[in-house]
Each structure stands twice: as C-alpha cells, then as structure tokens.
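Everything below concerns the one structure shown next.
The values are calculated or read from the model by the stated rules, or taken from the named source; none is laboratory data. This is a predicted model, so every value here is computed, not measured. Quick reminder, even Gly has a Cβ in these numbers, built from the backbone with ideal geometry, and neighbours come from all protein chains shown. Accessible surface areas use protein heavy atoms only, side chains included; no ligands, DNA or RNA. Shrake-Rupley method; radii C 1.70, N 1.55, O 1.52, S 1.80 Å.
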Amino acid sequence: MESKPAADVAADRLHASFSQLFERSPMPMWVYDVVTLELLAGNVAALASYGYGRDEFLKLKLPDLFSPADLPRLMAFLKLPADERAAHRLTQHRHRNGHAIDVEVDTEDIELDGLHARMVMVRVMTQQRRAEREQLLLAHRLTFTLESISDGFFLLDDQRCFTYINRSAEEIWRVNRYSLLGRNIWERFPALAGSRFHQEYEKVFETGGSSTFEAFYAPLDQWCEVHAFAADGGVNVFFRDITQRRAAQQNLLRERETLAAVVSAAADAIVGIDAAGQVIMFNPSAERLFGRSRASLGEAGLNALLPEHARLAHLAHVARFAALAQSDASIQPPRMMGLGTVKGLHADGRVLDLEGTITAVSVGQDKIMIASMRDVTERNRTEAEKQLVRTQLSALPHKLM
C-alpha cells in the first residue's frame with residue numbers, strides 16, 4: 001500500500017484542523033455558494049444563533065437568513081467587487097422564529113472542492129446594538145432638551161476647553177458657538193481671569209463639588225446667575241442673564257429705601273397693623289407720640305397703644321375695615337379714624353386724643369392697615385377751655401340781671 005506524499009498528508013491535517021476550528025469557533029460562521037446562494041456549511045454557534053438544526057440549515061439559501069427589510073442591501077452587496085465590500089458591515093438577519101438579529105459580518109472568498117464559495121463570520125450585536133440605540137436616543141433627547149431651554153449651558157473638559165455650547169449660551173454671549181469649541185475659556189474670555197466666574201469654576205474643578213452664584217460680566221454689561229457642577233472630570237455650567245431682574249431689584253430696593261426714609265421723616269405717627277392687630281410698622285414719630293419703641297409692644301401689639309375701655313371697639317373697627325378692603329387688591333382710599341378722634345395710651349398712662357386716617361394696602365396675599373395719626377390732646381383741651389369760657393360769658397348777663 002502506497003503511502004501518501006508528505007505534502008498531501010500535511011494538507012489533510014491542515015484541512016482537518018481548519019474543520020475543527022470552523023466547527024468549534026464561538027463566533028457563528030457559515031459558508032454559501034456564491035452562484036446559487038445555497039448554504040454549504042454552518043458551525044454549531046451559527047445553528048444556535050439562528051435557531052436551526054443542521055439539516056434544516058443546509059436546506060436554506062442566503063436570503064433566508066436576512067430580514068426582509070435588509071434584502072435590498074444584500075442584493076447590492078453581492079454585486080460589489082471584493083475590494084469594495086466594507087469590512088465589519090452592520091446588517092440585520094432573521095432568527096428561525098422571525099425575530100430580527102442585529103449582526104456585524106466579515107466575509108472571505110474561498111475555494112471549496114472546486115466551488116466558488118464565501119465564508120461569513122458573524123458577531124451577534126442584538127443586545128449591544130439595543131444598548132447603543134438607547135444611549136443614542138437618550139443623547140438625542142438630552143441634546144434636544146439642552147437646545148430648547150432658555151438657560152445657557154456649556155461643558156468644560158479638564159483642560160478648561162469648551163466641548164459643548166447650547167443655542168441659548170450662543171445668544172447670551174452674542175458669539176458663534178462653533179468658534180469656541182475646543183478653545184480654552186480663559187484664553188477666549190480673558191476678561192473672566194481673576195473674576196468671580198474664574199474663582200468659582202476653578203473651585204468646582206478642584207473640589208469636584210458644585211457652586212451657585214451671581215456675578216457681573218463687564219464686557220457685555222451683564223449680570224449672570226450661574227450653577228456649576230463637576231461631571232466626568234470636567235465642569236457643567238447652567239447660567240442665565242439676570243441683568244433686567246437685578247435692575248428691577250435695585251429699583252425696588254431704592255423705592256423701599258425712599259419709602260422708609262419718608263416714613264421715618266414723617267411728622268405724623270405712622271403705625272402699620274395686620275388683621276390680627278399686630279404692629280408691623282412703627283416710625284420714630286409714633287415712638288415719640290406713644291413714648292415707647294416697637295419692640296416694647298411685645299405680643300400685646302395694638303392693645304398696648306389703646307386705653308383698656310377703647311380696645312374692643314377699636315379692634316372691631318380695624319377688623320371691619322380689613323373685611324371691606326379684602327375684596328379689593330388695590331390701595332384703599334384713606335378714611336377718617338373713628339368719629340374724628342380716637343383714644344390712645346401713652347407709656348406713662350396718659351390718655352391721648354388722636355386724629356388721623358387709616359388706609360389698607362396689599363402685601364402679597366395679606367392686607368395691611370396703615371394709620372397716620374397726630375396728637376390733638378392739647379388742642380382738644382384748649383378748645384374745651386374756650387368752649388367753657390364762652391358758656392360762662394353767655395351766662396354772665398343773666399347773672400348780672
């Protein structure tokens with residue numbers, strides 16, 4: 001019996017080794033006839049991935065493994081020359097039960113017993129592709145959200161370079177965002193160096209924490225409210241232009257200071273009272289009139305300013321006035337207090353005759369009664385004495401007769 005030549009023995013061994021590698025490979029692999037598109041071989045991993053038995057698998061043709069939506073791409077691929085086929089081509093195959101399988105494929109042309117065949121190596125990507133799609137969808141949603149918000153937003157990497165800038169930031173800064181990407185923030189905005197912005201951003205970089213602050217940017221004459229926080233080695237920054245809000249706050253503060261100055265300088269005693277009778281405003285003239293400070297009123301509130309016999313009647317009057325004013329949010333016109341005068345109580349126990357007006361103003365959801373008063377005790381005493389003299393003079397002729 002003739003022995004085979006050494007080259008044939010080596011070829012047989014190589015063929016057997018290749019067959020074992022093909023069959024045992026954890027990567028799905030199969031071979032098809034380039035002319036008839038019939039499947040010629042499939043390894044164990046391919047049978048498991050596609051859900052077929054070996055005999056059933058070998059009765060299939062190449063299009064049977066593809067999702068119907070991907071067949072046009074398959075036909076176009078088969079017409080391409082070998083040097084134009086893309087490696088690691090992503091496509092969608094079909095499981096025996098009809099479910100789609102996302103795969104990445106490589107192909108290699110081979111000669112198999114005289115047939116022109118093609119070996120396909122498959123990497124199943126279903127879970128990976130699903131995760132990638134979810135991440136891509138999340139990224140799209142996040143980008144859409146960041147592009148839709150009115151706040152400016154930007155990202156800085158650990159080199160202090162811009163990696164993302166949203167549309168609102170572009171509008172607030174009045175600059176093309178693409179001219180900033182990849183640029184260092186301190187080089188691109190040198191006016192920020194040493195500013196509050198610089199200090200707070202660097203603090204976030206160093207500590208990995210967050211910072212919320214307000215600061216002025218002189219080149220744009222702009223006040224900004226900023227929230228910066230560390231993420232992935234860099235810093236994310238939300239900010240908004242609050243220049244108009246700051247101007248409104250400053251105007252309001254000036255108005256309040258002016259009002260406070262007017263109230264403090266007023267010659268009349270001005271007392272502010274809430275619906276419960278608590279004193280919330282007490283100007284210097286009121287302190288002089290009643291001989292006490294606001295702090296000295298304590299929980300007694302308005303009662304401390306009224307003689308005991310007048311307290312119930314006066315509090316009822318205040319409550320009625322508050323109820324009438326409650327339905328109208330505007331400032332009520334001033335009304336005379338009492339029947340021309342009301343009684344007050346000095347800290348030393350003297351009863352005072354007070355003349356004045358009361359009006360209601362809205363402060364948020366609350367109504368505040370503001371009383372403006374002056375002391376007419378001496379005037380009333382003088383008038384009473386004059387009236388007594390007149391009465392006595394009128395009676396004098398009768399006495400003389």
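Okay, here's what the table says:
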{"read-out": "The chain - mean residue ellipticity at 222 nm from DSSP helices (-39,500 (n - 2.57) per run, n ≥ 4, rounded to 500)", "value": "-12000 deg cm²/dmol"}
{"read-out": "Separation in nanometres of the label points that stand 7 Å from Cα toward Cβ, at V44 and D109", "value": "3.3"}
{"read-out": "Estimated FRET transfer efficiency (Q249, Q387; beta-carbon r; R0 45 Å; 0.05)", "value": "0.20"}
{"read-out": "Gained length - A266 relative to A316, 0.36 nm times residue gap less alpha-carbon distance", "value": "15.3 nm"}
{"read-out": "Proximal lysines to K61, defined as alpha-carbon separation beneath 29 angstrom and excluding residues fewer than eight positions away on the same chain", "value": "K79"}
{"read-out": "Segment N184-D55, extension gain: residue separation times 0.36 nm, minus the distance between their alpha carbons", "value": "40.0 nm"}
{"read-out": "Proximal lysines relative to K386, as straight alpha-carbon distance under 29 Å, when same-chain residues fewer than 8 apart are discounted", "value": "K343, K399"}
{"read-out": "Portion, in percent, of the accessible area of the chain that falls on carbon or sulfur, probe 1.4 Å", "value": "57"}
{"read-out": "Accessible area per residue, Å², the chain with all protein chains present, probe 1.4 Å", "value": "61"}
{"read-out": "Sites R294 and R350 - FRET efficiency at Förster radius 22 Å, r taken between beta-carbons, to 0.05", "value": "0.65"}
{"read-out": "Simple label model, 7 Å out from Cα along Cβ direction - L396 to L142, nm", "value": "10.2"}
{"read-out": "Entry for semi-axes √(5λ) of the Cα gyration tensor in Å (calculated from the structure that is shown) out of (i) 35, 23, 20; (ii) 98, 26, 17; (iii) 43, 24, 19", "value": "(ii)"}
